[in-house]
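Each reported figure results from applying straightforward, stated rules to the coordinates on display, with no laboratory input. This structure is a prediction, so every number in the text was calculated from the model and none was measured. Cβ atoms come from the backbone with ideal geometry, glycine included; neighbour counts cover every protein chain shown.
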Amino acid sequence: MASDIKEKVDILLKLQKIELETASVQSLFDDQPRQLSQLETRLDDCKKNIAEAEARLKQLQQSYRSHESDAQIYQSRIEKSNEKLKSVKTNKEYQSSLTEIDELKALQSQIEDKMLEHLVEIDEAEAQMATKQEEFKRLSSETKSEQDKIRDESEKHRERLARLGNEWQEIVAGIEPGLLQTYNTVKKNVGGVAIAIVKDAICQGCNVNIPPQMFNELQRFDKLFNCPHCQRIVYPVTS
């Protein structure tokens with residue numbers, strides 16, 4: 001009888017081991033789409049940063065061209081005013097023309113100062129663009145390598161799950177229907193591990209002492225016992 005009960009415990013332990021490993025591998029397998037998506041998001045964020053840097057550079061270049069156009073307009077007006085200055089007849093007109101020219105030159109100078117500021121900003125923006133593009137190139141290479149690694153692992157997990165499934169079927173086929181039903185019922189009720197070892201009179205499933213009388217009976221391996229606290233199927237430490 002003791003041998004029969006021990007065999008039942010051993011086969012349930014094998015079944016539980018396979019199911020726990022299956023759950024662990026399945027969790028890793030199920031998480032891989034999230035990992036791939038996370039890598040894509042990281043790459044998309046990098047692309048977004050480059051797009052923003054490109055937009056900023058384009059804006060600066062457009063602003064520079066606009067100021068450049070304004071500066072040319074003022075230069076044209078200054079040249080016309082200088083030509084006009086040659087034909088003035090009174091001192092008042094002469095002074096008025098000089099004032100107009102000075103004002104135009106001041107406005108032109110302000111625009112040229114802004115153009116110089118933009119040139120500095122454009123240089124900085126171009127440097128940032130180059131840095132971001134280099135970062136994207138590096139990140140793209142890293143992402144592809146990581147994605148390939150994840151896909152390889154995914155295939156290994158898929159194969160492992162298939163092997164575990166076959167092993168599970170083989171073990172289940174050799175378990176008495178009543179014993180399997182008991183095991184499944186306990187597993188469902190406790191939400192996971194259905195069978196636990198008892199060490200030093202303590203159930204390792206819930207870490208609570210079992211009654212002394214039950215502990216003594218447990219040593220005889222003449223029937224299956226359930227922990228009175230967590231209801232798991234329990235078995236004693238064997239040498």
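Can you give me the relative contact order of the range 29-174 as a percent, contacts being Cα pairs under 8 Å and 6 or more apart? Provide the component values of the computation, followed by the final result.
Numbers: 71 pairs, mean separation 60.4, N = 146.
Here the relative contact order equals 41 percent.
Quick test of your reading: applying the under-4.7 Å Cβ rule, which cysteines of the chain are isolated?
Cys46
Looking at the range 1-56 from every direction and averaging, what is the projected area of its Cα convex hull in nm²?
3.8
At what distance in nm do the modelled label points of Ala23 and Glu117 sit from each other, each positioned 7 Å from its Cα along Cα→Cβ?
The modelled label-to-label distance comes out at 6.5 nm.
Return the distance in nm (one decimal) between the two label points of a simple spin-label model at Lys92 and Ser69, each offset 7 Å from Cα along Cα→Cβ.
Between Lys92 and Ser69, the label points sit 3.9 nm apart.
Can you compute the modelled spin-label distance between Leu85 and Glu40, with each label point 7 Å from Cα toward Cβ, in nm?
About 6.7 nm, to one decimal.
Plugging the Kirkwood radius over Cα pairs into Stokes-Einstein for the range 151-235, at a temperature of 37 °C and a viscosity of 0.692 mPa s, what D comes out in µm²/s? Intermediate results must be reported in sequence, preceding the final value.
On the way: Rh = 14.8 Å.
Estimated via Stokes-Einstein, D reaches 222 µm²/s.
Note down the Stokes-Einstein diffusion coefficient of the range 73-207 in µm²/s, whole number, using a Kirkwood radius over alpha carbon pairs, 37 °C, and 0.692 mPa s.
Numbers: Rh = 24.7 Å.
Once the numbers are plugged in, D ends up at 133 µm²/s.
Find the centroid of the Cα atoms in the range 1-68 and in the range 111-139, then give the distance between the two in whole Å.
Measuring centre to centre over Cα atoms gives 34 Å.
Report, as a whole number in µm² per second, the diffusion coefficient that Stokes-Einstein gives for the chain at 10 °C and 1.306 mPa s using the Kirkwood radius over alpha carbon pairs. It would help to have the intermediate numbers written out before the result.
On the way: Rh = 26.1 Å.
Answer from the Stokes-Einstein relation: 61 µm²/s.
Kindly state, to the nearest 0.05, the FRET efficiency for Leu107 paired with Ile50, given R0 = 35 Å and r defined as their beta-carbon distance.
Numbers: r = 37 Å, r/R0 = 1.05.
Efficiency computed from Cβ-Cβ geometry: 0.40.
Length gain on complete extension for the stretch Glu155 to Lys58, per 0.36 nm per residue less the alpha carbon to alpha carbon distance? Spell out each step's value before the answer.
Details: separation 97, 0.36 × 97 = 34.92 nm, distance 4.53 nm.
Extra length available between Glu155 and Lys58 comes to 30.4 nm.
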